[in-house]
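Worksheet: one structure, shown below.
The values are calculated or read from the model by the stated rules, or taken from the named source; none is laboratory data. Please read all numbers here as calculations on a predicted model, not as lab measurements. Virtual Cβ from ideal backbone geometry, glycine too; neighbours counted across all protein chains shown. Calculation scope for accessible area: heavy atoms of the full protein, side chains included, ligands and nucleic acids excluded. Shrake-Rupley method; radii C 1.70, N 1.55, O 1.52, S 1.80 Å.
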Amino acid sequence: MAKGGLAVEIVGRYRVSPPPNTVPPTSLPLTFFDIPWLFFSPTQPLFFYDYPYPTSHFLSTALPALIHSLSLTLRHFFALAATLVCPPHSSNPPFIVYDRSNFVSLVVAQSTADFHHLCSNHQRCVNDFYPLLPPLPSGEQEETQTPLLAAQITIFSNVGVCIGFAYHNVVADGRSFNSFIKNWASLFKDPSSCSVNSSLLPFHDRTAIKDSYGLQSIFLNHWRKRSSTNMIIGVSDKDLDLAMVRATFLMCPDDMEKIKGWIVGRCKVKNMDQPPRLTPSNLTCAYVWVCLIKSHEKVNGKLTGKNPSYFGFNAGGITRLGYPVPAAYFGNCIGFARTMATQSELSGEDGIIVAADAIGNRVKDLDEAFLEGAENWISEWGEFYGSDSEPHVMVSGSPKLDFYETDFGWGKARRIEEISMDNAKGKAVWLTQSRDVKGGIEVGLALPKPKMDAFTCFFTQLLPHH
């Protein structure tokens with residue numbers, strides 16, 4: 001993504017590999033869970049930490065240990081140091097390959113930007129975050145090899161540090177990436193441990209995923225057709241609306257109970273069936289969906305008719321496949337899910353019930369038949385990017401992942417941001433476990449400012465008053 005906004009000064013560039021002769025050359029095939037991610041641009045999380053020491057102290061003490069512990073971590077998580085190989089003019093499928101020349105690019109920079117402003121919940125310009133992202137080299141064109149992970153450490157002298165990543169989801173889902181960064185933090189914090197916790201060692205055997213429905217060939221056919229024109233779903237740098245702002249909202253357990261109580265009470269009064277699966281995550285998603293629809297309506301005019309609003313989310317597959325997959329499986333094991341409701345229903349007085357019912361029933365279907373309709377995953381998700389004017393919503397992240405517990409010895413992360421959702425032009429929502437409120441969920445958004453203002457208004461009302 002283009003660098004912009006608040007400038008940073010590069011103070012070092014490093015190539016970090018596993019320790020010599022610890023990882024043999026290895027090739028990993030892509031499973032049907034991996035292939036859809038060929039269509040997407042990289043995920044870009046930022047982890048902000050308090051660090052009340054000068055830049056010189058960080059460079060002389062913390063940095064060498066961070067590089068060393070990253071190298072030790074990559075011994076086991078070598079797939080992140082590997083490259084994605086897409087054989088040119090070939091019917092052979094892409095695959096991941098590690099050889100001893102591979103490395104993770106690490107940039108070290110310093111910034112005089114306002115660390116506390118960047119870590120706040122309130123509206124901030126999306127452009128201010130791009131300088132904190134590492135460039136992820138595209139690789140040599142003729143080799144058709146693409147690095148899968150890059151990192152950048154930005155020091156805010158005497159205040160804090162930001163560790164930013166760019167990684168292609170084709171190599172790892174959020175669960176696998178969480179395992180990687182937890183292990184890196186653990187090895188940095190306690191060098192005497194010398195090795196990754198054996199119970200957390202990544203499991204790379206792709207035969208753990210069974211392709212019982214022939215999805216790999218279906219998805220590869222999609223990819224071959226699309227790759228000749230535009231491989232990546234998303235937008236180019238020049239298309240990004242730099243007038244967009246990002247903000248974070250908190251859903252507390254009390255808020256969720258209030259919403260649930262309103263839904264249950266309203267259904268009793270109207271003699272309606274109660275939506276299934278009124279879980280904290282589903283309640284949060286339903287409420288955010290309705291707030292976004294109402295915001296769209298306030299900015300763009302009243303929604304009428306039967307036009308659909310699609311709601312998309314990722315669903316974990318580890319426990320839903322009907323056969324055991326090791327908890328430490330490294331790769332992708334999530335499915336794409338999509339549900340819909342009409343825009344006018346969502347903006348109506350019972351919009352939250354409509355949204356909760358649509359989401360709850362889709363989750364119920366996934367619990368019963370996870371891969372049913374999976375052959376449509378790619379085409380269904382393509383529709384989210386088909387029209388900028390349609391109020392569709394895509395959720396990424398998961399409140400089940402404890403990213404805030406990633407402790408390098410500097411305490412909990414002060415703030416975590418997911419930057420790649422900017423590519424969705426106001427249609428993406430990022431959920432993560434709350435930093436400070438047990439059972440709470442943080443909701444991250446990047447929207448044009450008028451829409452963010454409207455969303456803030458609707459969200460803080462919390463419940464409709466009719």
Quiz item: For P202, what charge total do you get from the other residues with a beta carbon under 13 Å from its beta carbon, if Lys and Arg give +1 and Asp and Glu give -1?
Solution: +2
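Between D190 and E375, 0.36 nm times their residue separation minus their Cα-Cα distance comes to what?
Working: separation 185, 0.36 × 185 = 66.60 nm, distance 4.51 nm.
Gain in length upon complete extension: 62.1 nm.
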Quiz item: Does anything in the range 260-285 have its amide N under 17 Å from the 7 Å Cα→Cβ label point of E368, and if so which residues?
Solution: 273-278
Quiz prompt | 5 angstrom amide H check on A413, placed H, neighbours 5+ away | solution = T406
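Take F95, F330 and sort them by solvent-accessible surface of the protein heavy atoms, 1.4 Å probe, largest at the top. Numbers along the way, then the final one.
Values: F95 65, F330 5 Å².
Correct descending sequence by accessible area is F95, F330.
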Quiz item: How many percent of the accessible area of the range 21-138 is carbon or sulfur, using a 1.4 Å probe?
Solution: 59 percent
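Pairs K268/K306; K302/K425; K225/K449; K182/K294; K182/K258: which exceed 30 Å Cα-Cα?
On the way: K268/K306 26 Å; K302/K425 21 Å; K225/K449 37 Å; K182/K294 38 Å; K182/K258 34 Å.
Beyond 30 Å: K225/K449; K182/K294; K182/K258.
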Quiz prompt | Spatial extent of the chain: Rg and Dmax, with the Cα atoms as the point set, Å | solution = 22.1, 69
Quiz item: Sorted by packing (mean other beta-carbon atoms within 10 Å per residue), highest first, where do 144-150, 187-193 land?
Solution: 144-150, 187-193
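Given R₀ = 45 Å, FRET efficiency for W262-N21 by Cβ-Cβ distance, to 0.05? Present the calculation step by step, with values, prior to reporting the outcome.
Values: r = 62 Å, r/R0 = 1.37.
Efficiency computed from Cβ-Cβ geometry: 0.15.
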Quiz item: Cα gyration tensor of the range 244-462, axes a ≥ b ≥ c as square roots of the eigenvalues: rounded (a/c below 1.5), prolate (a/b > b/c) or oblate?
Solution: rounded
Quiz item: Hey, rough spin-label estimate for T279 and A7, points 7 angstrom out along Cα→Cβ, what's it come to in nanometres?
Solution: 4.8 nm
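Under a point-charge model restricted to the Cβ atoms of Lys and Arg (+1) and Asp and Glu (-1), what is the dipole moment magnitude of the chain relative to its Cα centre, in debye to the nearest 20? Could the numbers behind the result be given before it?
Details: 40 positive and 43 negative charges, 56 e Å.
Dipole size: approximately 280 debye.
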Quiz item: Contour minus end-to-end for R226 and H122, with contour as 0.36 nm per residue of separation and end-to-end as the Cα-Cα distance?
Solution: 33.6 nm
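Tally Lys/Arg at +1 and Asp/Glu at -1 over every other residue whose Cβ is under 11 Å from the Cβ of Q44; what's the total? Write down the numbers at each step before the final one.
Details: positive: none; negative: E417, E418, D422.
Cβ neighbours under 11 Å give a net charge of -3.
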Practice problem: Positive end of the charge dipole of the range 8-228 (Lys, Arg +1 and Asp, Glu -1 on Cβ, about the Cα centre): tell me which of W223, P134, A185 has its Cα farthest that way. | Solution: W223
Exercise. Let me have the 222 nm mean residue ellipticity of the chain computed from DSSP H runs of 4+ only, each contributing -39500 (n - 2.57), with the sum over all residues rounded to the nearest 500.
Key: -8500 deg cm²/dmol
Practice problem: Could you go through the range 73-88 in sequence order and give the Karplus-derived ³J(HN,Hα) for each residue, using 6.51 cos²θ - 1.76 cosθ + 1.60 with θ = phi - 60°, rounded to whole Hz, and x for Gly and Pro? | Solution: 5, 5, 4, 9, 9, 5, 4, 6, 8, 7, 10, 8, 9, 10, x, x
Exercise. Starting from the Cα of N361, step 7 Å along the direction of its Cβ; do the same at E405; then give the gap between the two resulting points in nm.
Key: 3.6 nm
Exercise. Using per-residue counts of other Cβ atoms within 10 Å, averaged over each peptide, order 436-443, 80-87 from highest down.
Key: 80-87, 436-443
Quiz item: Quick one: putting +1 on the C-beta of Lys and Arg, -1 on the C-beta of Asp and Glu, what dipole do you get for the range 8-228 around its Cα centre, in Debye to the nearest 20?
Solution: 340 debye
Exercise. For a label point 7 Å from the Cα of C457 along Cα→C-beta, name the residues of the range 282-317 whose backbone N is under 16 Å from it.
Key: 291-303
Quiz prompt | the range 8-228: antiparallel DSSP beta bridges as a percent of all, rounded to 5 | solution = 85 percent
Quiz item: Which order, highest average first, do 52-65, 156-169 follow once you tally other Cβ atoms within 10 Å for each residue and take the mean per peptide?
Solution: 156-169, 52-65
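Between rounded, prolate and oblate, where does the range 313-416 land on the alpha carbon gyration tensor, with a ≥ b ≥ c its root eigenvalues, rounded for a/c under 1.5, else prolate if a/b exceeds b/c?
Values: a/c = 1.93, a/b = 1.33, b/c = 1.45.
Oblate.
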